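**Student:** Dropping the structure in here first, questions after.
We did not get these values from a lab; they are worked out from the coordinates using the rules stated. Fair warning: this is a prediction, and the values are worked out from it, not measured in the lab. Virtual Cβ from ideal backbone geometry, glycine too; neighbours counted across all protein chains shown.
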Amino acid sequence: MMTRSRQPLFPPSFRAKLMAAALMGSAVALGASVPALAQNQAEVSQAEIKDGIRFVENKAETALEILRNPELTVDAKAEKFRIFVNSTADVHRVTRFVLGRYARGFSEEEYQEFTNLFKEYAFGVYESRLSDYEGENLKVIDAIPRRPGDMVVTTVATGGQLSEDTPVRWRIMKDKTGQWRLVDVEVFGVWLAIAQRQEFTTILNNNGGNPEALLNRLRKSVNKADAGSKKRQS
């Protein structure tokens, strides 16, 4: 299957280091909270846990149905996936997270442009990562509440071309309306939002926190991916 995968902002060798750092960062972030998790599980009702599991089951199946539908063109598949991500992910929360402390240095206009560019960039990242499982089945095997309205649901991908079962973890949180929203996905041991934060904050740090440096990188990445998509369609 051909996807609208986004080009990385850094060369492969540097991205490998970022991915390793992201993996270590996620292990610390989650591992450091283990004692609290055990305590908070008692504060979360079984009904909420089951509701979170149903959310992940439904959204995971919806994503895979879109990606493995042979009747959809590349553009139609990408559009449906955009709608899926917009309705599933807490884009505002993730956008603030990936900018880290640099978010407050963006003007209103710069932040709005970043939000729009990041959406396009994230669509390609999530689509390309999840498309690795388009021929497999995902089933929930565990759910760990971090606190009320915040949990990590572990699924496992089986069958298809996989030689062994592969875990995919979903971090979900409730928004202001009380609805579950996706805030991160761990694929191949890397939490995607954490990896993106590593990339973006490194660019900003290396350029004195100048928002234009990151915006320019994202513009080039998104434009290159769009040009590649149009070329494949011609």
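**Student:** Within the stretch 157-182, track down each residue that is of a type in the set (A, V, I, L, M, F, W, C) and surrounded by fewer than 19 Cβ atoms within 10 Å (Cβ to Cβ).
**Tutor:** Matches in the stretch 157-182: Leu162, Met173.
This table checks each residue for (1) in contact (Cβ under 8 Å) with a residue 24 or more places away in the chain; (2) within 27 Å of Ile83 (Cβ to Cβ); (3) out of contact with any Ser or Thr (no Cβ under 8 Å at 6 or more places or on another chain).
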site	(1), (2), (3)
Ser163	no, no, yes
Val168	yes, yes, no
Val185	yes, yes, yes
Trp191	yes, yes, no
Asn206	no, no, yes
Leu215	yes, yes, yes
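**Student:** For a quick check of your reading of the model, give me the residue pairs whose first member lies in the stretch 94-113 and is at negative phi, whose second is among the polar types (S, T, N, Q) and assigned to a loop (DSSP other than H, G, I, E, B), with beta-carbon atoms closer than 9 Å and at least 6 apart or on different chains.
**Tutor:** Hits for this filter: Gly105/Asn210.
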